[in-house]
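Have a look at the structure below, then the notes.
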Amino acid sequence: MITAILIMAGGGLLLGAVLGWASVRYRVQEDPLVEKIDAILPQTQCGQCGFPGCKPYAEAIAKGEADINRCPPGGEDGVKRLAELLGVDPKPLDEGLEHKPKAVAVIDENLCIGCTLCIQACPVDAIVGAAKQMHVIIADQCTGCELCLPPCPVECIHMEVIREDISRWKWRYPVIPLHPVRQA
Amino acid sequence: MRKLYPFPGGVHPPEHKSESNGRPIAQAPLLPRYVVPLRQHIGNPAKPVVKVGDRVLKGQMIGQPDGYVSTAVHAPTSGRVVAVAPQPVPHPSGIADLAIAIEADGEDRAIEYQPLLDWRSMDPSTLRNRIRDLGLAGLGGAVFPSYIKLNPKAAARIPTLILNGAECEPWITCDDRLMRERPHDILRGIAVMQALLHAEEVLVGIEDNKPEAMAAMQAAAEHCGFPLEVVAVPTQYPAGGGKQLTYLLTGKETPSGALSTDIGVQVFNIGTAYSLYRAIEFGEPVISRVVTVTGHVAEPQNIEVRIGTPIADLIRLAGGELAGASGRLIGGPMMGFDLRDDAAPVTKSVNCVIVKNPILFPPPPPPMPCIRCGECARACPALLQPFELYWYAKARDFGKAQGYQLFDCIECGCCSYVCPSHIPLVDYFRYGKSEIWAREREMQAAEQARKRHEFHLFREEREKQEKADKLAAKAAERLKQGAAAPATADPEAERKKAILQAAIERAQKAKANIQPRNVDNVPPDVQHEIAEIEARRARLREAAHAQDEDKA
Amino acid sequence: MQDYLLLLIGTVFVNNIVMSKILGLCPFMGVSRKLETSLGLGAATAFVLTLASGASYIIDTYLLGPELGYLRTLSFIVTIAAIVGFTEMFIKKTSPVLFRVLGIYLPLITTNCAVLGIPLLSVMQGYNFVEALLFGLGGALGFSLVLILFAAMRERLEAADVPPVFRGTSIAMVTAGLMSLAFLGFSGLIK
């Protein structure tokens, strides 16, 4: 009986020591997973996920505090890729969130009063202007987050869906037209 | 006899060359209107340098190169610019693109061309810039700016120059006719290429179904003054593919993702050599090209037309469509696409227009499921496995498709041609490729946005810090002053308060009088809109006031 | 020498731990959605299994002996748990994505019946140290082989035109059944 207890206790001590050493040797400094999740997110910084930007959302996903289906700009495709990375099942976007076609904000130059409120709201500094001067949005830098819409006191900002042109045009998924075999 | 290295795969579709190669190249008459697209080459579209109403002369630059991978476009005749706007262009999407429409004045007056006859003594870099400004781009179909291809990098030696006269696509005969009729001119263009690249051997690959062109080129080559070999290659589609022709003639395989220059080979099209000759000899920019018009037309033939000729007019020049035509194809039947709008003009990339009829081009039979017979893999000249690519492109699994080297596909159409189930394989590959490109663009945009957001956060933090520092400094100052002279504080504060009050009142008065800028000369509907917004703001202000009073 | 080879091949193919002994089904169904993941888990399990086999043999022969046989299962589990704990830390450090993807299945190697089954079986068969090691390695290789094959098939099924009612787990079950049948074909390989 004593032998048995001694053996088990000794074994336990030995293995515990090994594990203790391993936990020091293989300590994980930071979670590179956040970077990988962040790389998938579309970086619109729109905050629709409920976090103040893409990085905080990525951190929340990595910690398991947020679900993967809360990013509307990423759309179904983004959810799918997050699911793939994290090895979970993809699911539809969370309720109340919908994927919109990519758009850019446009300032109506006739109405802008130069209040700089939108400049402060823009998360990617894509609006140029100064106090009492007309503002303008750099379309190439605009992520379409819509964060500049609510602060505008004269409602001079609206979203314009990006139209397809030749440089952005994509070949369509081949669709085979169905023909009725015989007309009645 | 040169040893040839047959490339794997390939097909041999009916050639249909005899329809159009019997007639000499016709010269198109001057037309009343030309439309010159600004995106005629790979890379950045040219920047328009004329505006509506401008008078232009033939050969005048109307679009200047924008960036490195770009080249110029020129006015095909003299006349007046009537539009600089999106107009139909020959593109599979049918989307309109920025183009310059010119109404011909009938005089066809040209600017003073400056021939580059002393090109041998010119600085190569200057010569290349001239070539860029003359708008040279590969006329075989890929339209890559030629001046870049003529620039041998310091490290990479290009011992072999290949001239592509294979013209492997069925129906097309424009290079064939050009070689038959103007071999000496072509060779003078080749001489410039050879000298710029310092090529040690020059090979002209011509498919053996063009004996006349071969003979003409061979006869001309005897007096060209540099080593040049005209090589007959077996008629097998796609022998005219750059990588295929390179392998066929030299046995060198272009690695995946590499360019032919990486293995010391540069490939040019015959038509490009001819336009280079025009540029050097006459200083003439690329304002015309030879186009094959064939298929279901009255007189199938090759026509030398100006860039910008509407395709409807081009077809009319070939005797017009016959009854029962069912559409038009730009390029060959293997790699070409359906033209959506025949107002679209001839561009540098349009080498052939085929008018379809239901007998020559029956509608494709409905696709059946893949039976995994492997015919496509046997036909693939790029040694890919099209059935695997299809499997993953269809399921939208682009990562896997890329794993099977989707981007080595040259979209030659051999796999679709041999598929017993009539699956439009190439359509799936094109779809996959453009999806991947779109994703790549999105990733880049996201990366940029991430960086800008990070900087935004950093800037906010910095400003907050600066503000806090300033406040702290001020507080410290005040503390010091307060300790020094507490007695004088009261009247001083009173005076300051009065000044502040006056300032606030002034500001409020000014605010009432303030008019938004740039509201002069606005149309009435916008004026009305502004008035509405002003009214709304006034209402809001009143409401806020009322609330304040309630609180008080 | 030949006996050792036969033992190894026999354990991998004929007496495959998953397909003929029906052990370790939980990770077989759970971690076979992606090829990469299954490769990771296969490697982790192989590492744990081989080490556990050797360690169990030493514990059983030199520490427990015939009189303390009742401690066998207990001590084996403790050993396996320690090795798994070590592997877990190692993977977390070297490949956080794999760690995340393997998720619960990594610590579950501890309770993977295949991992406990192999050392117990090898004691039952009375193998010597080398045989026990080979038996562990063979079992691990067999497990990884089946897992990887199955994952590769499921990956292709992902892109296939499967009727809606069969999508997901159902078609995976059908595939697993067919695979098991196929492994029966090895039964004549070694007498």
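Going from the fewest other Cβ atoms within 10 Å to the most, the residues B:Met335, C:Met19, C:Met173, C:Met89 appear in the order C:Met173, B:Met335, C:Met89, C:Met19. The Cα atoms of segment B:252-407 give a gyration tensor whose axes a ≥ b ≥ c have a/c of 1.5 or more with a/b no greater than b/c, which makes the shape oblate. Distance from the alpha carbon centroid of segment A:1-80 to that of segment B:18-60 works out to 61 angstrom. Taking the three principal axes of the alpha carbon atoms in segment B:352-405, the coordinate ranges are 39, 26, 22 Å, sorted in descending order. Semi-axes of the equivalent ellipsoid of segment B:367-477 are 57, 10, 9 Å, computed as sqrt(5λ) over the eigenvalues of the C-alpha gyration tensor in descending order. How many angstrom lie between the C-alpha centres of segment A:114-143 and segment B:404-439? First find each Cα centre; the distance between them is then 43 Å.
The alpha carbons of segment C:96-165 stretch over 50, 25, 21 Å along the principal axes, in descending order. If you take all other residues with their beta carbon under 12 Å from the beta carbon of B:Ala382, and give Lys and Arg +1 and Asp and Glu -1, the sum is -2.
Residue-wise HN-Hα couplings along segment C:135-143, as the Karplus relation 6.51 cos²θ - 1.76 cosθ + 1.60 with θ = phi - 60° gives them from phi, are 4, x, 5, x, x, 5, 4, x, 4 Hz; Gly and Pro carry x. Here C:Val165, B:Val69, C:Val78, C:Val146 are placed in order of increasing Cβ neighbour count within 10 Å, fewest first, which gives C:Val165, B:Val69, C:Val78, C:Val146. For the protein assembly as shown, the mean residue ellipticity at 222 nm estimated from helices alone is -14000 deg cm²/dmol, where every DSSP H run of n ≥ 4 contributes -39500 (n - 2.57) and the total is divided by all residues, rounded to the nearest 500. Label-to-label distance, B:Ser18 versus A:Leu149, with points set 7 angstrom from Cα along the beta-carbon direction: 6.6 nm. Restricted to Cα atoms, segment A:11-162 shows a radius of gyration and a Dmax of 21.4, 81 angstrom.
The label-point distance for B:Leu4 and B:Met335, in a model that sets each label 7 Å from Cα toward Cβ, rounds to 1.9 nm. Assuming a ≥ b ≥ c are the square roots of the Cα gyration tensor eigenvalues, decide whether segment A:33-86 counts as rounded (a/c under 1.5), prolate (otherwise, with a/b larger than b/c) or oblate. Rounded, because the longest to shortest axis ratio a/c is under 1.5.
Which Cα, out of B:Pro381, B:Ile436, B:Gly403, lies furthest along the positive dipole direction of segment B:367-477 (beta carbon charges, K/R +1, D/E -1)? Farthest towards the positive pole: B:Ile436. Enumerate the whole-percent occupancy of each 20 Å bin, from 0 to the last occupied one, for all C-alpha pair distances of chain B. With a bin width of 20 Å, the distribution comes to 17, 42, 19, 13, 7, 1. Computed from the Cβ-Cβ distance with R0 of 51 Å, the FRET efficiency linking B:Gln448 to B:Leu479 stands at 0.65.
All other residues whose Cβ lies under 14 angstrom from that of B:Ile287 are scored, Lys and Arg at +1 and Asp and Glu at -1, for a net of +2. Classify segment B:33-102 from the C-alpha gyration tensor, please: rounded if a/c falls under 1.5, else prolate or oblate depending on whether a/b exceeds b/c. In terms of gyration-tensor shape, oblate. For segment B:194-336, the share of alpha carbon pairs falling in successive 5 Å distance bins from zero is 2, 7, 13, 17, 17, 17, 13, 8, 4, 1, 0 percent.
Restricting things to alpha carbons, find the Rg to Rh ratio for the protein assembly as shown using the Kirkwood radius for Rh. That ratio is 1.08, to two decimals.
Calculated over segment A:101-163, the projected area of the Cα convex hull averaged across directions stands at 3.8 nm². In segment B:26-352, the C-alpha radius of gyration followed by the widest Cα-Cα span (Dmax) gives 19.0, 58 angstrom. Within segment C:1-46, the proportion of Cα pairs with more than 13 Å between them is 64 percent. In a reduced charge model with +1 at each Lys and Arg Cβ and -1 at each Asp and Glu Cβ, chain C shows a dipole moment near 420 debye about its Cα centre.
Taking 0.36 nm per residue of sequence separation and removing the Cα-Cα distance, the B:Lys47/B:Asp105 pair yields an extension gain of 18.5 nm. Amide H contacts of B:Val204 (H built 1.01 Å from N, in plane; Pro and chain starts excluded): B:Leu163, B:Glu229, B:Val230, B:Val231 sit under 5 Å, all sequence-distant by 5 or more or on other chains. With everything on Cα atoms, drop me the angle between helix A:75-86 and the longest principal axis of chain A, reported from 0 to 90° to the nearest 10. Rounded to the nearest ten degrees, it is 20.
Computed from the C-beta positions of B:Asp66 and B:Trp437, the FRET efficiency with R₀ = 25 Å rounds to 0.80. Here the 3J(HN,Hα) profile of segment B:427-432, calculated from phi with Karplus coefficients 6.51, -1.76 and 1.60 at θ = phi - 60°, is 4, 5, 5, 5, 4, x Hz, Gly and Pro shown as x. Here segment B:248-285 is scanned for amide nitrogen atoms under 20 Å from the site 7 Å beyond the Cα of B:Ser121 along Cα-to-Cβ, giving B:280-283. The distance between label points at B:Leu322 and B:Glu229 comes to 4.3 nm (points 7 Å beyond Cα on the Cα→Cβ vector). Across every direction, the projection of the convex hull enclosing the Cα atoms of segment C:33-165 has a mean area of 9.4 nm². In this structure, C:Glu36 and A:Lys100 have a Cβ-Cβ separation that, at R0 = 41 Å, corresponds to a calculated FRET efficiency of about 0.80.
With Cα atoms defining each centre, segment B:163-199 and segment B:256-316 are spaced 10 Å apart in the structure.
Using Cα pairs under 8 angstrom and six or more residues apart, how large is the relative contact order of chain B, in percent?
Dividing the mean separation by the residue count of chain B yields 15 percent.
Taking a Cβ cut-off of under 11 Å around B:Pro170, the surrounding Lys, Arg, Asp and Glu residues balance to a net charge of -3, with basic ones at +1 and acidic ones at -1.
Values quoted throughout were computed directly from the atomic coordinates according to the rules given, and no laboratory measurement underlies them. Quantities reported herein were computed from a predicted structural model and do not represent experimental measurements. Cβ atoms come from the backbone with ideal geometry, glycine included; neighbour counts cover every protein chain shown.
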